[in-house]
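This report concerns only the one structure given below.
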Ligand SMILES: Cc1ncc(COP(=O)(O)O)c(C=O)c1O
């Protein structure tokens, strides 16, 4: 269960955007609104042009900034592309809200932003009624707050359940909390080409279980966990479920209220295109909220922020999960993507995501499988997120070469290449170009 660590800007690093800026517009020309179908192509079941021509969301690709020398961006599941509207939004912010309204903007807008944006994410992507979602901190910090608060809300229970293939930060946070609070970590062994199932959870939960942490979509395999069924199993055992939605928010329709999920956390720099280091969000079920005391008590989460009084009393609502001054600058870019999601609709986004991943599977089967590449992502639609993971012993070096050629998937050790497809910005042609480049790289010696 190793996970490669890597420097930002390397193929397996967290920040593809750290690559130097490149000359204009190869991707812009690679992603026209709807390329005309080439009659020759219509006979080719693996062609891309007719797929792009038939894509009802194709016009959304023009909403993103050109990506310089990049001809195929396959890492939207790691860092979403910036939107064309975002530079003007940032400029207006600096000159207006910050530049001239100055500190008055806290009263006029910024104090409300964490909950206002939380409500927008909740409505657009989470199936969450207002008042339950807030934007703050990083995913890691919010996971810490969520799990600590949930553990404390189940006194007398001392087990935290997590699977052994979860993202490193999730595992590390759980281990740290267990050490700090004298809790026990109950590890579930999962197949790394799949993810955790309700049956596996049922086998281990019981009267000692306080919290079960579930990754909705596995960062490694792209497996989509059955979150409603797992939530039911966890609740039958009297425990709480915390969901990590990093790889599902914005691409997989999620109904947190309907499913009864207790707490959920996710990031905004992948499919919500908030930019590198954009703050995360936390959802907490309204009727559970009064029981949740988060551990990083700060003035911005207090009932009366400017009372400057002795003693901490948490805000009654979701703002209690805020600790310090909200990262206002980091909350700007995601607003443009939320506009786009509202416009496109999450169901249509999911439909394109499935069409893109289906197409990626078809190309991989035809072009890469004969070269020894295997797939590590479930084939069933209902068990798949928006990336397809393929494996080959040479992928570490292949991905490094591809990056230099403007084809940008990412690498996860020991041998996995992830093809991450962000439905509003990825074209079918990019998928074809990307998989063809992988084939060529493997064919070279
Ligand atoms: C499933 C999952 N959880 C958490 C994180 C990262 O947390 P943070 O935003 O604090 O870096 C990632 C980052 O890719 C992730 O994939």
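None of the figures in this text is laboratory data; all of them are computed from the coordinates on show. None of the values given here were measured: they were computed from a predicted structure. Methodologically, a virtual Cβ is constructed for each residue, glycine included, from the backbone with ideal geometry; neighbour enumeration extends over all protein chains shown.
General observations
- Sequence of 304, 52 once ranked by neighbouring C-beta atoms within 10 Å, starting from the fewest: 304, 52
- Calculated mean residue ellipticity at 222 nm for the chain: -9000 deg cm²/dmol, from DSSP H runs with n ≥ 4 weighted as -39500 (n - 2.57), summed, divided by the residue count and rounded to 500.
- Using a Förster distance of 22 Å, the FRET efficiency for residue 236-residue 184 (Cβ separation, nearest 0.05): 0.60
- Global form of the chain, assessed from the alpha-carbon gyration tensor, a/c cut-off 1.5: oblate
- Among 428, 281, the ranking by other beta carbons within 10 Å of each residue's beta carbon, starting with the fewest, stands as 428, 281.
- Note on the range 379-445 and the range 145-195: Cα centroid distance 31 Å, given to the nearest whole angstrom.
- The fewest-to-most ranking of 271, 144, 73 by surrounding Cβ atoms within 10 Å reads 144, 73, 271.
- Spatial separation of Cα centroids for the range 70-102 and the range 306-369, in angstrom: 15 Å
- The mean of 1/r over all distinct Cα pairs in the range 87-339, once inverted, gives the Kirkwood hydrodynamic radius of 18.5 Å.
- Choice from 383, 148, 181 showing the highest fluctuation, given a GNM over the chain with Cα pairs closer than 10 Å: 181
- For the range 275-331: rounded, prolate or oblate by the Cα gyration tensor [a/c cutoff 1.5]: oblate
- Most mobile of 136, 340, 243 in a GNM of the chain (Cα contacts under 10 Å): 340
- Shape call, the range 201-311: gyration tensor on alpha carbons, a/c limit 1.5: oblate
- Here the label points at residue 293 and residue 129, each 7 Å from Cα along the C-beta direction, are separated by 2.7 nm in the simple model.
- Largest mean-square fluctuation among 241, 94, 328, in a Gaussian network model of the chain whose springs join Cα atoms under 10 Å apart, belongs to 94.
- Simple label model, 7 Å out from Cα along Cβ direction - residue 255 to residue 286, nm: 1.7 nm
- Here the spin labels are modelled as points 7 Å beyond Cα on the Cα-Cβ line, and at residue 374 and residue 93 they lie 4.5 nm apart.
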